[in-house]
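Worksheet: the structure to be examined is printed underneath.
The values are calculated or read from the model by the stated rules, or taken from the named source; none is laboratory data. Predicted model only: the values in this text are computed from it and were never measured. Positions of Cβ are generated from backbone atoms using ideal geometry, with glycine treated the same way; all protein chains shown enter the neighbour counts. The protein model used for the area step is the full one, side chains on, heavy atoms only, and it has no ligands, DNA or RNA in it. Shrake-Rupley method; radii C 1.70, N 1.55, O 1.52, S 1.80 Å.
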Amino acid sequence: MNTELPIKRIAIFGSTGSIGTQALEVIASNPDKFSADVLTAHHNDELLIEQALKFNPNVVVIGDEKKYSKVKDALAATDVKVFGGEKALEEVAAMDCYDLMLAAIVGYAGLKPTLKAIENGKAIALANKETLVVAGDIIMKKAVENRVPIIPVDSEHSAIFQCLVGETRNKIEKIILTASGGPFIGRKPNYLVNVKREHALQHPNWSMGAKITIDSATLMNKGLEMIEAKWLFNLKPEQVQVVIHPQSIIHSMVQFEDGSLKAQMGLPDMKLPIQYALAFPKRIPNNFPRYDFKKVSTLTFEEPDVKTFRNLALAQDALFKGGNLPCIMNAANEIAVFAFLRNRINFLDMTNVIEKTMEQVPFIEHPTLEEYFDSDGEARNFASFFILSSSFRFRLMAAINGLR
Ligand code: NAD
Ligand code: MG
């Protein structure tokens, strides 16, 4: 009897990013188990072409339409079908040429293609946490309706998912998400106000894309992950807790009704949760470095400082209030991080932008999908306007002070 499973055809949405490139390493190491059948990128045409020539996918999509002809010409001698533009992402997500989507686009942009994939019955390996932060209720409902498994890739959620294998009948008392604390752990606002982009982009334990690295430095990443966990594991807000664990060896924990705690551990390496999600329900061998108790012998834990890292407090507020508030917060955060990365605002200003936007955009308790889209747009407009008008006011005050 042949016990080998057929090759799983993977669509990597966001193949040129940190998660996407690591997923391709996993696929390249397991050609008997996986093939890369769809690859998508936003701007990075050169890397997309290189990946397409190496993996020979069925389809590639370049989001930036200006780069479409370059990609098309470069792949003219191959069988690879080339599409361009934002809409093409959704069209390709609905195609039959793949089995599992690795949702690895960053930010709100990942929502619509993931939704399309779910509506077309595709299994999802979810790295893009923003999708669940924006519209977790709708995504989870559609996944159930279409019998689509959503397998987490985020390391904390993968840890919880792994702890829950074999526990379907047992009640969760709470889950504990671990956080490294980022590069500014222990720092206070008088230090943070002067933090520069280059410094914030250096994460102590993980090498990731720019947006999530800034989110990790502000602790917004952990806030987004609390909301992500609520939807993935069907929890009440009070069942989701966070502990700072600077060594990033315990990736998260589940506490059951009897008080027993289960943890998943390992070195901080995203290839492991990516491989687990692609291969689920099987575990497959690899040669990734192993955790050595002699090298990291002390594991420490502390409470997060939500008075200094106020983004986490804002996210907890959004988690408890629900409705469109997490969607508003996410949009404001994307605008604030973008502005910080362009040196337009300082590190602490990011929190002010998010807080003001959450106060200004009208709250909706049970939004429809359209209302989520509208809330996202409104929040982006308000946050951008707030940044512009604050910097205008600042320049005006500086000019007036200069005249005095
Ligand atoms: P990244 O910035 O390195 O890569 C993002 C990818 O998305 C790129 O391929 C880019 O071309 C594509 N993209 C960007 N904007 C787009 C747009 N508007 N339309 C279409 N495609 C677009 O990001 P990353 O670090 O790989 O993170 C991807 C997602 O995974 C994020 O949601 C992040 O929170 C999550 N995640 C990442 C890590 C990590 O270690 N990097 C860990 C856990 C979760
Ligand atoms: Mg994470």
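Some points to look at:
- Selection over the stretch 149-198 of residues that are charged (D, E, K, R), within 16 Å of ligand 1 (Cβ to nearest atom) and more than 19 Å from Gln247 (Cβ to Cβ) gives a count of 1.
- Ala127 fulfils the conditions (1) out of contact with any Lys or Arg (no Cβ under 9 Å at 6 or more places or on another chain); (2) away from ligand 2 (no atom under 16 Å from the Cβ); (3) open to solvent by 10 Å² or more (accessible area, probe 1.4 Å) except for a single criterion, (2).
- Counting only residues that are over 18 Å from Thr16 (Cβ atoms) and surrounded by fewer than 20 Cβ atoms within 10 Å (Cβ to Cβ), the stretch 82-104 holds 8 of them.
- Taking helices (runs of 4 or more DSSP H) as the structural unit, those lying wholly within the stretch 151-235 and holding at least 2 residues that are out of contact with any Cys (no Cβ under 8 Å at 6 or more places or on another chain) and buried (at least 24 other Cβ atoms within 10 Å of the Cβ) correspond to 155-163, 210-218, 220-232.
- Taken together, Ala77, Ala117 contain a single residue that is at pLDDT 95 or above and buried (at least 24 other Cβ atoms within 10 Å of the Cβ), which is Ala117.
- Residues in the stretch 283-296 include at least one that is under 25 Å from Ala143 (Cβ atoms) and free of Cβ contacts under 8 Å to residues at least 24 places away in the same chain.
- The criterion of being touching a residue at least 40 places away in the same chain (Cβ under 8 Å), away from ligand 1 (no atom under 11 Å from the Cβ) and open to solvent by less than 40 Å² (accessible area, probe 1.4 Å) does not hold for Ala143.
- Out of Ile12, Ile27, Ile7, Ile19, sole residue that is within 21 Å of Asp269 (Cα to Cα) and away from ligand 1 (no atom under 14 Å from the Cβ): Ile27
- Within the stretch 224-239, the presence of a residue that is within 13 Å of ligand 2 (Cβ to nearest atom), under 19 Å from the mean Cα position of the chain (by Cα) and farther than 20 Å from Val134 by Cα is excluded.
- In the stretch 363-400, the residue that is least open to solvent (accessible area, probe 1.4 Å) out of those that are among the charged types (D, E, K, R) and at pLDDT 95 or above is Asp376.
- Residues (open to solvent by 20 Å² or more (accessible area, probe 1.4 Å) and outside any strand (DSSP E or B)) located in the stretch 236-251: Lys236, Pro237, Glu238, Gln239, Pro246, Gln247
- Selection over the stretch 124-147 of residues that are touching a Phe, Trp or Tyr at 6+ places or on another chain (Cβ under 9 Å) and not in a helix (DSSP H, G or I) gives a count of 2.
- Count of the stretch 50-62 residues which are in a loop (DSSP other than H, G, I, E, B) and within 13 Å of Gly20 (Cβ to Cβ): 1
- Every condition in (1) under 28 Å from Pro281 (Cα atoms); (2) more than 15 Å from ligand 2 (Cβ to nearest atom); (3) not acidic (Asp, Glu) holds for Ile250 except the one numbered (2).
- Met140 modelled with pLDDT of 95 or more and touching a Lys or Arg at 6+ places or on another chain (Cβ under 6 Å): no
- Within the stretch 182-219, being within 13 Å of ligand 2 (Cβ to nearest atom) and over 14 Å from the mean Cα position of the chain (by Cα) holds for Gly182, His203, Asn205.
- Close pairs from the stretch 201-216: first under 20 Å from Val306 (Cα atoms), partner more than 9 Å from ligand 1 (Cβ to nearest atom) and among the hydrophobic types (A, V, I, L, M, F, W, C), Cβ under 6 Å, at least 6 apart: Thr213/Leu201; Ile214/Ala200; Ile214/Val337
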